[in-house]
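See structure below.
FYI, it's all coordinate maths here, none of it is from the lab. What you are looking at is a predicted structure, and each value in this text was computed from that prediction instead of being measured. For neighbour counting, all protein chains shown are included, and Cβ atoms are generated from backbone atoms with ideal geometry for every residue, glycine included.
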Ligand code: SF4
Ligand code: SF4
């Protein structure tokens, strides 16, 4: 989604008081933290990227768009995720489903489906809102790009994350019969 001038919110920098301008309290605070770590036995630094981080089971990383059993995008373009998204970073254009899909009861599908991964706050609301488990947040955390445009994921990219994570086995397919995620806790139905 391209940004316009009206999307920018300007904020005033807070004014520093006398003590804050001296920086001495901040330095003492920093020294206190440093000295505290010297006497703490545990090593808390993870040597990333040599050392892979231990992610919690409910970690919310890069999105994926799931495929159905036929390999088609599972999304039915209901806009529930985009409506629930507090960051307004999901942009969907719905279209009538192809004729052969309509035999399976599919009325619509997303002609385009775009998520601005830089604007996202990874809250998981989209995953919770989806009635057909079509969108999920995966455990992929090393999200990088060389430009803002590269971080705006389109449908093909989001489907490729599904392919990548299912092939690697890093993220189980979180369907209603699966074990992980809020959606999968719903009994089969
Ligand atoms: S994780 Fe939250 S912020 Fe990100 S796309 Fe989903 S609903 Fe929006
Ligand atoms: S991902 Fe799910 S909630 Fe979002 S439009 Fe598609 S079917 Fe609806």
Across all Cα atoms of the range 17-106, Rg and the largest Cα-Cα distance (Dmax), in Å, are 25.5, 72
Final fewest-first order of 167, 74, 157 on the 10 Å Cβ neighbour count is 167, 157, 74
If one takes the longest principal axis of the Cα atoms in the chain, at what angle in degrees, from 0 to 90 and to the nearest 10, does the Cα axis of helix 24-38 lie? 70 degrees
Cα pair distances in the chain, grouped into 10 Å bins until the bin that holds the longest one, percent each: 8, 27, 27, 18, 13, 6, 2, 0
Against the longest alpha carbon principal axis of the chain, how many degrees, from 0 to 90 and to the nearest 10, is the axis of helix 155-168 turned? 80 degrees
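When the helix-only estimate is applied to the chain (DSSP H runs of n ≥ 4, each -39,500 (n - 2.57), divided by the residue count), what is the mean residue ellipticity at 222 nm, nearest 500 deg cm²/dmol?
Result for the chain: -7000 deg cm²/dmol, rounded to the nearest 500.
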For the range 68-136, fraction of C-alpha pairs farther apart than 14 Å, in %: 57 percent
What does the convex hull of the Cα atoms come to per residue for the range 1-62, in Å³? 219 Å³
State the extension gain, in nm to one decimal, for the chain segment bounded by residue 47 and residue 170, taking 0.36 nm per residue of separation less the distance between their alpha-carbons. 42.2 nm
